[in-house]
Every structure is written in C-alpha cells, then in structure tokens.
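S.K.: Before we start, here is the structure in question, set down as structure tokens.
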4 protein chains.
Amino acid sequence: MASRGINKVILVGNLGQDPEIRYMPSGGAVANITIATSESWRDKATGEQREKTEWHRVALFGKLAEVAGEYLRKGSQVYVEGQLQTRKWQDQSGQDRFTTEVVVQGFNGVMQMLGGRGQGAPAGGQQQQQGNWGQPQQPAQQNNFAPQQQQQAPQQQAQQAPQPQYNEPPMDFDDDIPF
Amino acid sequence: MASRGINKVILVGNLGQDPEIRYMPSGGAVANITIATSESWRDKATGEQREKTEWHRVALFGKLAEVAGEYLRKGSQVYVEGQLQTRKWQDQSGQDRFTTEVVVQGFNGVMQMLGGRGQGAPAGGQQQQQGNWGQPQQPAQQNNFAPQQQQQAPQQQAQQAPQPQYNEPPMDFDDDIPF
Amino acid sequence: MASRGINKVILVGNLGQDPEIRYMPSGGAVANITIATSESWRDKATGEQREKTEWHRVALFGKLAEVAGEYLRKGSQVYVEGQLQTRKWQDQSGQDRFTTEVVVQGFNGVMQMLGGRGQGAPAGGQQQQQGNWGQPQQPAQQNNFAPQQQQQAPQQQAQQAPQPQYNEPPMDFDDDIPF
Amino acid sequence: MASRGINKVILVGNLGQDPEIRYMPSGGAVANITIATSESWRDKATGEQREKTEWHRVALFGKLAEVAGEYLRKGSQVYVEGQLQTRKWQDQSGQDRFTTEVVVQGFNGVMQMLGGRGQGAPAGGQQQQQGNWGQPQQPAQQNNFAPQQQQQAPQQQAQQAPQPQYNEPPMDFDDDIPF
DNA sequence: TTTT
DNA sequence: TTTT
C-alpha cells in the first residue's frame with residue numbers, strides 16, 4: 001500500500017442520475033455515479049453568458065458504495081475524493097478503448113453527502129423502490145460482474161463508453177489488492 | 001469565470017517523456033505531458049511485491065506550457081494542479097471517442113517543478129536545442145494546431161488515443177474562453 | 001505572484017456564526033468566518049460514541065468576502081480553498097502571539113456555498129438586516145481596520161485570540177501584494 | 001472514524017531543520033517538522049522583487065513519523081497531506097495559548113519525500129548518528145512525552161510557541177483515538 | 001444526465 | 001459557535 005507520487009481528485013457536484021450499484025464476485029459493492037461540475041463565463045466576443053458542464057465518471061467501492069446506493073440520488077450534491085484511473089477495454093470490433101474514472105476506495109477515498117437535511121433517499125420504509133439496485137431478489141453473493149455489464153452495454157453505447165468489466169477487480173475496502 | 005462545483009486534480013509524479021509543445025492559432029502555447037504515479041503493495045495471495053503505474057495525460061496552457069517546455073524533461077518530477085476534462089473526437093472510422101485529460105490552465109492551474117537544483121533542462125546556453133519545440137524557425141503565430149496533430153497521430157496511436165484537435169480552443173492564460 | 005512550494009487548505013463545514021465583514025483602508029472587503037469540521041468514532045476502551053469538532057478561522061478577501069457577507073450565515077455549509085497563514089501580534093502585555101488562519105484570496109482562493117436552494121441569506125429585500133456588517137450608513141472607504149479591531153478585542157479575548165490588525169494589508173483581488 | 005466535513009491541508013516545501021522525533025507513552029512515534037512555503041512577487045509601488053516565507057508546523061504520527069525521522073533532514077523537500085488542528089496549552093504564566101498544526105496521521109495522512117535519489121539522510125551505515133532521535137539507548141517505551149517537552153521549551157520559546165504536551169494523545173496509526 |  |  002505504499003505509493004510513489006500523488007494521484008488525487010477532488011470533486012464537488014451533483015449526480016446526473018441515480019447511482020448504479022453492482023456486486024463483485026467477492027461480494028464487495030461497486031457504485032457508479034456521474035457528477036456534474038460546471039463553469040460559466042461571459043463570452044468576450046458576443047457578450048453572452050455561456051456555461052460548460054463537465055461530467056465525471058466516479059466508481060465507489062465497498063462501504064462507500066453501499067452508502068452511495070442508500071443515500072445518493074439524481075441531483076444529490078456530493079464531495080468525493082479519489083484517484084484517477086484509466087482502464088483499457090475492447091469494443092465490439094475488438095479495438096482497444098480507454099476510459100478514465102475517478103476511483104473512490106479504501107483509505108484514501110472520501111465521499112460526503114452535502115446539503116444537509118434529507119436531500120437524498122428516504123431513510124425510512126421505501127426501500128422496496130431500490131429493487132433495481134443490487135438485485136435484492138438474489139443474494140448479493142450471486143451477483144457477479146459480467147452479466148450486468150452485458151445488460152448495460154446497449155444504453156451505455158449511446159453515452160460515452162460501455163462500462164468495462166473489472167477483470168482485475170478493484171480493491172474492496174477489506175482487500176489488499178490496489179487498483 | 002464563475003463555477004458551480006469543484007473539479008480539481010492534484011498529481012505528483014515523473015514525466016514519461018519530454019513535453020510536446022505546440023501553439024494555438026492565437027499564439028498561445030500548449031504543452032502535453034504524461035505523468036506517472038504508482039502504487040506498490042504485497043499480494044496477499046502470492047506474497048509477492050507488485051506495482052501498478054498509472055499514466056496521466058496532462059495539458060498545460062499559456063505561461064505554464066512555456067515553462068514546462070523550457071524546464072521539464074523525461075523523468076522530471078512535477079506537481080500539477082488542474083481540472084479533469086473529457087473531450088470528444090472522431091477516430092479514423094468516424095466513431096466517437098473520448099479522452100480525459102488534466103487541464104492545467106489559468107488562475108486555478110499550478111505547475112511546480114520538484115527535486116531542486118537543475119533536475120530538468122539546462123538553464124544555461126543550450127536553449128538552441130529546443131528547436132524542435134514550438135518550431136522556432138517559424139513565428140509562433142504561424143503554428144496552427146491541426147497540422148501538428150496529424151503528425152502526432154501515428155505514434156500516439158500506439159499509446160492510448162490520438163491527440164484530438166482542440167476545435168474549441170482551450171483558454172489561454174489571457175483569454176476569457178474556458179475549457 | 002510566483003510561489004515556491006504548495007500551501008493549500010481545503011475545508012468543507014458549517015459556519016459557527018454569521019460572517020464578520022470589515023473594510024480595509026483601500027476599501028477592500030474582508031470577511032472572517034469560523035468553520036466547523038468534526039470527526040466521530042467509537043472509543044475502544046469505553047465503547048462509547050465520541051465526537052471532536054475542530055474550529056477553523058477563515059479570512060476571505062475581496063469579492064469572495066462580499067459574497068460571504070451577502071449569502072453566508074451561521075449554519076451555512078461551505079467549501080473553501082485557501083492558504084495557511086500565521087500572523088504575529090502582541091497581546092495586552094506586549095507579548096508576541098501567533099494566530100493561524102486560512103486565507104482565501106485572489107486567484108487561488110475558492111469559496112462555494114453548498115446545500116443548494118437558499119440555505120443562506122435572503123436574496124431579496126431584507127438587506128437592511130445586514131446593517132451591522134460593513135457599516136452601510138457610512139461609505140465603505142471610511143471604515144478602516146484598526147478601530148474595528150479595538151471593539152472586537154474584549155469579546156474575542158474569551159475566544160482564542162484578538163483579531164490582529166492587518167498591518168501589512170493582505171492582497172485584495174486586484175492588488176499585487178501577497179499575504 | 002466517520003467525519004462530518006472536510007479538513008485537508010496539502011503542503012509541498014522544504015524542512016527548516018531536522019525532524020524532532022519523540023515517543024508517546026504507548027510507544028508510538030511522533031515527528032515534528034517545520035515546512036517552508038514561499039511566495040514571491042513584484043511590489044507594485046517600489047518595483048522591487050519581494051518574497052514572503054510561511055512556516056508550517058507539522059506533526060507526523062506512527063509509521064510516517066518513523067520514516068520522517070529516518071529519511072528527512074533540514075532542507076529536504078516533502079509533500080504532506082494532513083489535517084488542521086488547533087491545540088490549547090498553558091504558558092508559564094498559566095495563560096491559555098493556542099497552536100495550530102498540520103497533523104499527518106492514520107489513513108488520511110500522506111508523506112512523500114520529493115526530489116529523488118538520496119536528498120535526505122544517508123541510506124547506508126550512518127544510522128548510529130541518529131542516536132539523538134528517539135533516544136536509542138533506552139527502549140522506546142520508556143521515552144515519555146513530558147520530559148522531552150521540558151528540554152525543548154527554551155529553544156522553542158524563541159520561535160513561536162512551546163511544544164505543548166499531547167495530554168490527549170493523538171491517534172497512532174494503530175489506535176482508534178482520533179485527534 | 002445534474003445544479004443555479 | 002456549526003452540523004448530524
């Protein structure tokens with residue numbers, strides 16, 4: 001767990017959609033969220049107000065993934081601190097592709113919900129609505145990674161890049177395998 | 001220049017190769033560098049020492065780009081602070097691709113050489129050797145972006161992703177156009 | 001405005017009280033706020049839940065000070081990014097004392113209100129309530145630093161340390177004088 | 001080990017003197033270092049180049065303290081990441097005083113030596129010279145905090161503030177007691 | 001796709 | 001002195 005160099009990302013922004021929770025074969029949770037940050041400025045040439053939004057792919061692991069799944073929702077404001085990680089995957093034509101994510105994990109990972117009083121998910125009895133996360137009908141241990149990937153591919157296609165399989169599974173909070 | 005949210009990256013690491021300096025049509029400098037950070041750990045299963053290196057694409061603009069070109073070299077240790085930015089480009093087959101970079105620019109961008117006394121380029125009389133950067137034989141104003149891009153594409157191909165053109169040119173230190 | 005080394009503080013927390021706004025002889029605004037961050041843990045020995053709150057003295061300058069005065073209130077959640085600065089002052093007995101603050105200022109300073117919809121001050125017609133800030137009855141230019149300091153001394157005494165005079169006035173957003 | 005809010009300090013700078021290593025009653029190591037960061041600018045009024053150095057008190061705990069003691073020296077360049085902490089102590093006249101330090105500790109603490117090959121302590125056979133740190137003639141367990149404090153007080157007096165005793169001992173890497 |  |  002030593003490291004040479006510093007690789008740190010700090011984001012504060014709002015979720016573009018509800019978190020997607022999955023489970024690794026080991027049973028560790030993974031939450032994928034997208035966070036928006038934006039800059040606005042006055043265009044010198046036209047004098048108009050302009051705005052540009054940057055979307056960040058963030059992957060949380062272990063306990064933080066579970067908290068994200070429970071409390072974060074589309075629109076939630078959040079602070080995350082993690083590391084940059086670029087992973088290689090193959091598209092349908094077998095070509096190499098790369099996706100860069102912010103990995104929030106282990107000792108260095110931080111996730112804090114912002115904005116106070118209950119901006120997130122209902123704490124109470126509505127947990128049935130969470131059925132599409134983590135496949136509650138099946139024990140978490142059975143939820144493996146690859147099948148879920150397949151399902152997501154089509155819709156992700158329209159976005160940016162299919163979610164690659166975590167062939168080398170990222171370190172769960174209790175594991176010693178770094179990313 | 002207002003912003004909603006925080007988008008901050010901090011890296012400390014070593015350059016994988018000499019900086020590549022180019023000039024935008026406006027004359028503003030752009031330096032592309034790759035920074036390595038690494039983690040090492042003992043594999044629980046095998047007991048072996050393992051190491052994983054992460055490579056970061058970093059783009060510096062304006063004055064910082066010029067300083068990078070003058071003083072940084074392959075192996076230089078550097079601190080950079082910038083923002084995450086994902087840009088879309090088209091590959092040869094016209095397919096959309098995305099590349100994420102750390103943009104170091106303007107007021108929020110920071111670049112500091114580390115390691116003290118002259119780890120980088122010779123400060124003294126060898127500045128002629130910089131001829132291949134920034135095409136000093138021609139006035140900087142003539143160096144536009146696209147042609148240079150073409151030249152770089154082949155070698156970059158082997159790496160990760162061709163360097164996309166900056167169609168929407170990133171803000172030079174003196175410009176009001178954000179990234 | 002060059003710098004050797006990195007001096008960066010990032011805080012996310014809540015204000016312990018309303019901001020105190022003052023004006024320097026130059027007319028530049030200064031806002032002093034206190035931000036709480038806290039840690040909670042289970043005491044190994046007793047098994048009890050414990051919590052410790054850290055209070056941070058933060059000084060904002062220029063535009064950010066004005067925004068703080070207008071929108072932040074006791075309890076507001078805020079992100080600030082600034083620099084550590086320790087200043088020397090003399091107590092009543094003439095002894096040297098030191099106070100460390102987070103200075104949020106100029107290009108590197110960041111202040112973002114968190115928590116969304118109107119957690120702060122009313123945007124509308126209640127601005128008269130702000131009368132005790134910045135002495136609106138008098139032109140800002142007349143509000144100088146030292147007198148205000150005198151008034152605050154007694155109450156501050158009970159706290160931590162009297163607010164020292166800014167003998168070497170900190171850089172306003174438009175100044176070139178660093179802190 | 002939960003926390004509400006973010007309390008983060010990042011420093012890159014050089015040590016003003018050799019680290020001072022002490023041991024807590026528990027046997028955990030504590031290293032005190034001072035780090036300089038500086039800003040330089042051109043004075044608008046006089047046109048002169050000016051420089052201001054900020055000195056930071058940093059306390060490292062546990063393993064990081066040991067590494068600091070072994071490898072850092074006066075002049076060493078270092079990256080540290082920690083938390084702001086203000087502690088109260090009494091001066092000779094019994095008056096309350098406050099000292100703010102950067103605490104580098106536990107999971108969130110980071111310390112990285114910069115500048116590459118052997119800028120710090122001799123890696124080789126000179127480790128006997130470290131005898132004045134950590135009192136190697138006596139078992140670490142016997143080195144308690146308070147006596148060492150007494151010795152340091154006089155010289156520290158000239159500086160900023162006597163090193164307060166850690167009455168509530170800060171969390172060692174293996175402890176669950178936060179700071 | 002978020003937020004103001 | 002804040003917040004949960």
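S.K.: Across peptide C:36-45, how many C-beta atoms of other chains are within 10 Å of each residue C-beta, on average?
M.R.: Neighbouring Cβ atoms belonging to other protein chains average 5 per residue here.
S.K.: Further question: Whose amide H sits under 5 Å from the amide H of residue A:18, counting only residues 5 or more places off or on another chain, with H placed in the peptide plane?
M.R.: Long-range HN contacts for residue A:18: A:74.
S.K.: Can you tell me how the range D:9-113 classifies by the Cα gyration tensor, rounded, prolate or oblate, using a/c under 1.5 as the rounded cut?
M.R.: Note, shape of the range D:9-113 comes out oblate.
S.K.: While we're here: So the label point sits 7 Å from Cα along the Cα-to-Cβ vector; using that for residue B:92, what distances do you get to the other copies, in nanometres, sorted shortest first?
M.R.: Relative to the other copies, residue B:92 has label-point distances of 2.1, 8.0, 8.2 nm.
S.K.: Enter the mean number of other protein chain beta carbons within 10 Å of the beta carbon of each residue in A:21-28, as an integer.
M.R.: Across A:21-28, the average partner-chain Cβ count within 10 Å equals 0.
S.K.: Tell me the label-point distance for the pair residue A:4, residue B:74, using the 7 Å Cα-to-Cβ offset, in nm and rounded to one decimal.
M.R.: Taking the simple label geometry, residue A:4 and residue B:74 are separated by 1.6 nm.
S.K.: Between their Cα atoms, which of A:52/B:8; A:88/B:63; C:63/D:44; A:74/C:74; B:8/C:74 are more than 23 Å away from each other?
M.R.: Over 23 Å apart, Cα to Cα: A:88/B:63; A:74/C:74; B:8/C:74.
S.K.: Turning to a different aspect of this structure: Could you list which residues have their amide H under 5 Å from that of residue B:6, counting only those 5 or more apart in sequence or on another chain, with H placed in the peptide plane?
M.R.: Counting only residues 5 or more places away or on other chains, the set is A:12, A:13.
S.K.: Which of the peptides B:38-49, C:26-37 is most tightly packed, and how do the rest follow, going by the mean number of other Cβ atoms within 10 Å of each residue?
M.R.: Those peptides, ordered most packed to least, come out C:26-37, B:38-49.
S.K.: Quick one: label points 7 angstrom along Cα→Cβ at residue B:27, distances to the other copies in nm, smallest first?
M.R.: Once sorted, the set of distances for residue B:27 reads 3.3, 6.6, 6.8 nm.
S.K.: Each residue of the range B:78-83 in order: what ³J(HN,Hα) in whole Hz does its phi give by Karplus 6.51 cos²θ - 1.76 cosθ + 1.60, θ = phi - 60°, with x for Gly and Pro?
M.R.: 9, 9, 10, 9, x, 10
S.K.: Per-residue Cβ counts within 10 Å, from other chains only, averaged over B:8-16: what number is that?
M.R.: Mean shielding by partner chains, rounded to a whole number: 6.
S.K.: Sort shortest first the distances from residue A:50 to its counterpart in every other copy, using label points 7 Å along the Cα-to-beta-carbon line, and give them in nm.
M.R.: Going from nearest to farthest copy, the values are 3.7, 4.5, 5.4 nm.
S.K.: Karplus couplings for the range D:21-26 from phi (6.51 cos²θ - 1.76 cosθ + 1.60, θ = phi - 60°), rounded to Hz, Gly and Pro as x?
M.R.: Residue by residue, the range D:21-26 yields 9, 9, 10, 7, x, 5 Hz.
S.K.: Taking the axis about which chain A rotates onto chain B, which residue of A lies nearest it as judged by Cβ position, and how many whole Å separate them?
M.R.: In chain A, the Cβ lying nearest the symmetry axis toward B is A:100, 2.
Coordinate-derived values only; no laboratory data. The structure displayed is predicted, hence computed values, not measured ones. Cβ coordinates were reconstructed from backbone atoms using ideal geometry, including for glycine residues, and neighbour counts include every protein chain displayed.
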